[in-house]
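Below: one structure, written as structure tokens.
What follows is calculated from the coordinates using simple rules that are stated; it is not laboratory data. All figures in this text were calculated on a predicted structure; none of them were measured in a lab. Cβ placement follows ideal geometry from the backbone for every residue including glycine, while neighbour counts extend to all protein chains displayed.
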Ligand code: HEM
């Protein structure tokens, strides 16, 4: 979730003048927010460029599901789906491996992920 979130960024519109940490965002400004970049912030995360699923990350804030009043309404469902799907995937598709280069969707606002990902696997049960 933190390392490679599906929503890379979002936008906000300043409907009035807003000062945040001494920076003025005048009314009418569009602000692009890099959720993916924030999730690799070395001031927040230990070894932010490492992917290690054995490390307990729950004490570290991540912005994969956004923040504030627009925090993802489906985050509990998304987490539950992944908790169900990933063990099933491991059972049904053992030795799942990449079988060529992955092509990624454009990295911007919107849903991010592979556009093309060749794989091999053994038949599971
Ligand atoms: C891994 C899967 C998902 C990710 C990474 C994700 C990410 C996000 C993010 C970052 C936002 C905040 C956008 C913003 O502040 O501009 C958001 C909002 C939202 N998400 Fe998700 N989401 C996921 C799955 C889902 C699912 C499964 C549902 C519904 C079944 C859902 C429904 C919503 C809704 C309704 C909002 C808008 C909330 C609001 O504006 O108040 N999301 N999501």
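Largest mean-square fluctuation among 66, 74, 28, in a Gaussian network model of the chain whose springs join Cα atoms under 10 Å apart, belongs to 28.
By the count of neighbouring beta-carbon atoms within 10 Å, fewest first, 16, 10, 64 end up ordered 16, 10, 64.
Cβ crowding within 10 Å ranks 19, 7 as 19, 7, fewest other Cβ atoms first. At full extension, residue 84 and residue 107 could sit 5.6 nm farther apart than now, given 0.36 nm per residue minus the alpha carbon distance.
Structure remark: mean-square fluctuation, Gaussian network model of the chain, C-alpha springs under 10 Å; the largest value among 85, 27, 38 belongs to 27. Normalised radius of gyration (Cα atoms, divided by 2.2 N^0.38 Å) for the chain: 1.32. Please determine, in degrees from 0 to 90 and to the nearest 10, the orientation of helix 75-92 with respect to the longest principal axis defined by the Cα atoms of the chain, where the helix direction is its Cα long axis. Roughly 20 degrees between the two axes. The radius of gyration of the Cα set in the range 81-124, together with its Dmax, comes out at 12.9, 36 angstrom.
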